Amino acid sequence: MVDNSLSPHGGVLVERVAPLQAGDLDRIARFPRIPVRDQIARECVNIAYGFFSPLEGFMGPADLDSVARSMTLESGYIWSIPIVFDLSEAEVAQLGLKSGDSVLLTYQQQPLAVLEVEEIYSYDKEFLAQQVYGTTDEAHPGVQRTFTYQDKFVSGKVTLVNPPTINPPFDRYWQTPRQLRRTLAENDWNRVVAHQSRNVPHAGHEWLMKGAWFASEADGVLVSAVIGEKKPGDYIDEAIVLTHDLLREAGFFREGTHLTSTLMWDMRYAGPREAVFHALVRKNLGCTHHMFGRDHAGVGSYYDTYAAHRIFDDLPDLGIKSVLTLEWWYCPVCGSVTYEGLCGHREEKQDLAGTLIRRIIQGGEEPAPTTLRAEVLEVVRECAEKYGFGSPFVEDNYLQNRTPVMSMPTLEEDCTCTCTGND
Ligand SMILES: [Zn+2]
């Protein structure tokens, strides 16, 4: 019996990884070279390892237009978020880029991936923003990202030629979809519920994960921690990952029921469309269920609180089921986390989110297991010292001096001039 829910989106896990051999360096040395920014580097890695299956590269105009208009690829498969590689008109002209060329994308001054250029095109960014984000307001971070794309998009298949090294502490948590699927199989996890997180888990997150485990009769909960572009005030990546893992280590989840992993992704905050994207990526990781809470992947007040729940009603079966949660909070009468419609003390509710947890972490409030576990707080403080330059929240110092999540192995020696590389 074929269990559809376990196959990747599009049926086949894309893998486009071909590490360069010694003899290849001369061949690629002739390719035009394009240094890419962090976002594009992460997306090359995701494409190559199949996180974005069935995408094999950056989208061409037909796929992009179809995604914008009808949330499907040209092939008909559901896809909700544009994955594009942008260049300026001047860069395209300077490189003399044309269809059929192979270019070497470089990152951290090292080869990263080869892009086989298919089409070079423009697309109406306002229309794109309106379709994907439902707004053209530049205050929306996803819209802003769209508007800052250069004017040309270059499509084509991507092959990773220099797999990056994942640095500690992330190396223990980063698994490719193939590796993760193997891990899930070894654990006998047939039903796996994904929890997307960019947070240090407080009592409410723990309660929701446990509830989702029950609701989906899951073998295990896969925490898929989004680590990517950071802005001041976010939790540092290390704290997110290590505190989630602590929940298992400290036994709040029994060994074999909870696993922490990472996804290198720059949030688009596309609300319902991003929820669909999250579902597809976690399906590719081997998950059968995905948790969606209130205002999933939203920002500001651009989306209805439960738009990310309803969007799935209008889509065909994606092979991954939603586990939907409504509003939840701490109830002092029940003495526990509770749920909209569950207990009768709504007027007593204490929101767990945001400011309270921050006050605890910043030392102004005593932690309690009903809000934030002392063990979690301890790891947060360790992470602040070890990785965060004294703070568990992103500050300029962290942005400038942190150890990157991924580093490129040196394939090409540095230039021999006297420059330091810092200027
Ligand atoms: Zn209550």
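Where a number appears in this text, it was derived from the coordinates with a stated rule and is not lab data. Small disclaimer: the values here were computed from a predicted structure and weren't measured. Ideal geometry is used to build each Cβ from the backbone, glycine not excepted, and the neighbour counts take in all protein chains shown.
So how far, in whole Å, is the C-alpha centre of segment 292-315 from the one of segment 138-176? If you average the Cα positions of each part, the centres end up 24 Å apart. Helix 61-70 axis versus longest C-alpha principal axis of the chain: approximately 30°, rounded to the nearest ten. Cross-link pairs exceeding 29 Å between alpha carbons, from the set Lys283/Lys386; Lys283/Lys349; Lys125/Lys157; Lys98/Lys231; Lys125/Lys230: Lys283/Lys386; Lys283/Lys349; Lys98/Lys231.
Dipole of the chain computed with +1 at Lys/Arg Cβ and -1 at Asp/Glu Cβ about the Cα centre; of Pro163, Gly96, Cys334, farthest Cα towards the positive end is Cys334. 3J(HN,Hα) couplings calculated from phi for segment 182-196 with the Karplus curve 6.51 cos²θ - 1.76 cosθ + 1.60 (θ = phi - 60°) are, in sequence order, 5, 4, 4, 5, 4, 7, 6, 8, 8, 10, 10, 9, 8, 10, 7 Hz; Gly and Pro show x.
What angle do you read, to the nearest 10 degrees and between 0 and 90, between the alpha-carbon axis of helix 374-386 and the longest principal axis of the chain? The two axes meet at around 30 degrees. Over all other residues within a Cβ to Cβ distance under 10 Å of Ala194, the charged ones net out to +2, with Lys and Arg as +1 and Asp and Glu as -1. First check a/c for segment 85-183, with a ≥ b ≥ c the square roots of the eigenvalues of its C-alpha gyration tensor; if it is under 1.5, answer rounded, and if not, answer prolate when a/b is larger than b/c or oblate otherwise. Cα axes put segment 85-183 in the oblate bin.
Segment 68-84 and segment 373-409 have Cα centres separated by 36 Å.
Amide hydrogen proximity for Asp101: with H placed 1.01 Å from N in the peptide plane, the residues at 5 or more positions away or on another chain lying under 5 Å are Val117.
How much length is gained on full extension from Asn190 to Glu74, taking 0.36 nm per residue of separation minus their Cα-Cα distance? It would help to have the intermediate numbers written out before the result.
On the way: separation 116, 0.36 × 116 = 41.76 nm, distance 3.11 nm.
Value of the extension gain: 38.7 nm.
Maximal additional length on extending the Ser336-Glu385 stretch stands at 14.5 nm, based on 0.36 nm per residue less the C-alpha distance. Between Lys98 and Arg254, the simple label model (points 7 Å from Cα in the Cβ direction) yields a spacing of 6.5 nm. Dipole of the chain computed with +1 at Lys/Arg Cβ and -1 at Asp/Glu Cβ about the Cα centre; of Val67, Trp174, Gly142, farthest Cα towards the positive end is Trp174. Taking Cα centre as origin and charging only the Cβ of basic (Lys, Arg, +1) and acidic (Asp, Glu, -1) residues, the dipole magnitude of segment 170-401 rounds to 500 debye. Taking a Cβ cut-off of under 14 Å around Val117, the surrounding Lys, Arg, Asp and Glu residues balance to a net charge of -3, with basic ones at +1 and acidic ones at -1. Each other residue within a Cβ distance under 13 Å of Thr146 adds +1 if Lys or Arg and -1 if Asp or Glu, for a net charge of -3.
Computed from point charges on the beta carbon alone (+1 for Lys and Arg, -1 for Asp and Glu), the dipole magnitude for the chain about its Cα centre is near 580 Debye.
Output the peptides 238-244, 366-372, 40-46 sorted from most to least packed, where packing is the average of other Cβ atoms within 10 Å over each peptide's residues.
On the way: 238-244: 27.0, 366-372: 17.0, 40-46: 23.7.
Result, highest mean Cβ count within 10 Å first: 238-244, 40-46, 366-372.
Relative to the first principal axis of the alpha-carbon coordinates of the chain, what is the inclination of helix 272-285, with its axis defined by its Cα atoms, in degrees from 0 to 90 and to the nearest 10? Rounded to the nearest ten degrees, it is 80. Placing pseudo-labels 7 Å out from each Cα toward the beta carbon at Gln144 and Glu413 gives an inter-label distance of 4.4 nm.
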